[in-house]
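S.K.: Structure below; questions to follow.
The values are calculated or read from the model by the stated rules, or taken from the named source; none is laboratory data. Every value quoted in this text rests on a predicted model; they were computed, and no experiment measured them. Here the Cβ is made from the backbone with ideal geometry for all residues, glycine too, and neighbour counts use every protein chain on show. Heads up: the accessible areas ignore ligands, DNA and RNA and are worked out on the full protein's heavy atoms, side chains in. Shrake-Rupley method; radii C 1.70, N 1.55, O 1.52, S 1.80 Å.
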Amino acid sequence: MRAGGASSGGWGRRFVIAVPYLWLLVFFLAPFAIVLRISVSEVAIAMPPYTPTFDLAAGLGQFWRDVQQLSFANYEWLAGDPLYINSYLSSLWIAGVSTFLTLLIGFPIAYGMARAPRGLRPILMMAIILPFWTSFLIRVYAWIGILKPEGLLTLFGQTIGLLGPEDQFRILNTNAAVYVGIVYSYLPFMVLPLYAALERLDGSLLEAAQDLGCTPLKAFWVITVPLAVPGIIAGCFLVFIPAVGEFVIPDLLGGSDTLMIGRTLWNEFFNNRDWPVSSAVAVLLLLVLIVPIVAFQHVQQRQQEAGR
């Protein structure tokens, strides 16, 4: 009986361990393998609009011969075209600035929520989440009515006397409008992990720091901010990663000069119907995001192990 129970527990433990790997296989590795396969294919006027490089039905021998003749022409095309390089760099810049702005706005909000009376916190949480029950596309589209020259923002500026009767804000179709859209759209992804980190903060630490002579501002910098670092890192990742590949916001709010890799990928895929090149763009975008994150987690894990 004891041996059977141990065997049952072993299978149960293996199943629990296998679930995240299975999830990773189905929802990450398998789609990535499909996109990677298309990225090394050749474009064709057909449906699908590419000629597969690998034919798995031909057997392992043919598969190995295809691997030996593998061509990275689509990646060489990306490396030689300034459009794609500038799109990557512009996306990283816009996403980085947007993440920083989101952190500046989200930290006071999360701090205020964490310091609020416990009975009020669920209401504040709902106030953050509730507007985002509306469709993402509709919320971004609504900003057109606010930011356009004759929109609500200009009307508000004229009403309070900031603008003259003939003056207008010209924010729509600029990078500034893209920053506004990204910060607004991804603010909850910054606030919620920050709130989770700040809510666990022991208030007695701040009282002890002030008893030892720290001003409230210094206590905030030496106690609150370091303890909120896990929430800051999680929030920055949650905002930065989707912001890099964003295409709806730059398409609706940005101008013709707004260059982001998500928009470029969209044009390659749907307008030019060049699936191999657009897949190569997606693979490189994934590598640009994943490799630094994995390296960061590796360094962080080594630092934690060294600190034990």
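S.K.: How high is the relative contact order of the chain, given as a whole-number percent (alpha carbon pairs under 8 Å, six or more residues apart)?
M.R.: It comes to 26 percent, rounded to a whole number.
S.K.: Could you work out [θ]222 nm for the chain from helices alone, using -39500 (n - 2.57) per DSSP H run of at least four and dividing by all its residues? Round to the nearest 500 deg cm²/dmol.
M.R.: After summing the helix terms and dividing by the residues of the chain, the value is -22000 deg cm²/dmol.
S.K.: Moving on to the next point. What stretch of the chain, leaving out the sites themselves, is the longest with no GluC sites (Glu not before Pro) in a DSSP loop having at most 10 other Cβ atoms within 10 Å?
M.R.: In the chain, the maximal stretch lacking such sites is 1-149.
S.K.: Mean 1/r over all different Cα pairs, inverted: what Kirkwood radius does region 1-128 give, in Å?
M.R.: With all distinct Cα pairs of region 1-128 included, I get 21.1 Å.
S.K.: A further question follows. Accessible area of the chain with a 1.4 Å probe: how many percent of it is carbon plus sulfur?
M.R.: 69
S.K.: In Å², what does the accessible area per residue of the chain work out to with a 1.4 Å probe?
M.R.: Per residue, the chain has an accessible area of 62 Å².
S.K.: Right, something else. When 1/r is averaged over all different Cα pairs and the result inverted, which Kirkwood radius in Å belongs to the chain?
M.R.: 23.6
S.K.: Express in whole angstrom the spacing between the alpha-carbon centres of region 79-119 and region 8-77.
M.R.: One Cα centre to the other: 32 Å.
S.K.: Can you tell me the equivalent ellipsoid semi-axes for region 44-85? Use √(5λ) from the Cα gyration tensor, largest first, whole Å.
M.R.: Taking √(5λ) for each eigenvalue gives 26, 15, 6 Å, largest first.
S.K.: On a C-alpha basis, how far is the centre of region 279-308 from the centre of region 207-256 in Å? Whole number, if you could?
M.R.: 19
S.K.: On the first, second and third principal axes, largest extent first, how far apart are the outermost C-alpha atoms of region 23-73 in Å?
M.R.: Sorted from largest, the Cα extents of region 23-73 read 32, 28, 21 Å.
S.K.: Among 45, 233, what's the order by accessible area (1.4 angstrom probe), most exposed first?
M.R.: These residues rank, largest area first, as 45, 233.
S.K.: So, R0 is 45 Å and r is the distance between the beta-carbons of residue 273 and residue 21; what FRET efficiency does that work out to, to 0.05?
M.R.: 0.80
S.K.: Let me know the Kirkwood hydrodynamic radius for region 177-279, please, with Cα pairs as the basis and the value in Å to one decimal.
M.R.: For region 177-279, inverting the mean 1/r across all distinct Cα pairs yields 16.5 Å.
S.K.: Further question on the same structure: Computed over the Cα atoms of region 57-139, what is the convex hull's projected area averaged over all directions, in nm²?
M.R.: Value for region 57-139: 11.6 nm².
S.K.: Related question: So which trypsin sites (Lys or Arg not before Pro) in region 67-154 are both in a DSSP loop and have at most 14 other Cβ atoms within 10 Å of their Cβ?
M.R.: Sites meeting the loop and neighbour criteria: 118.
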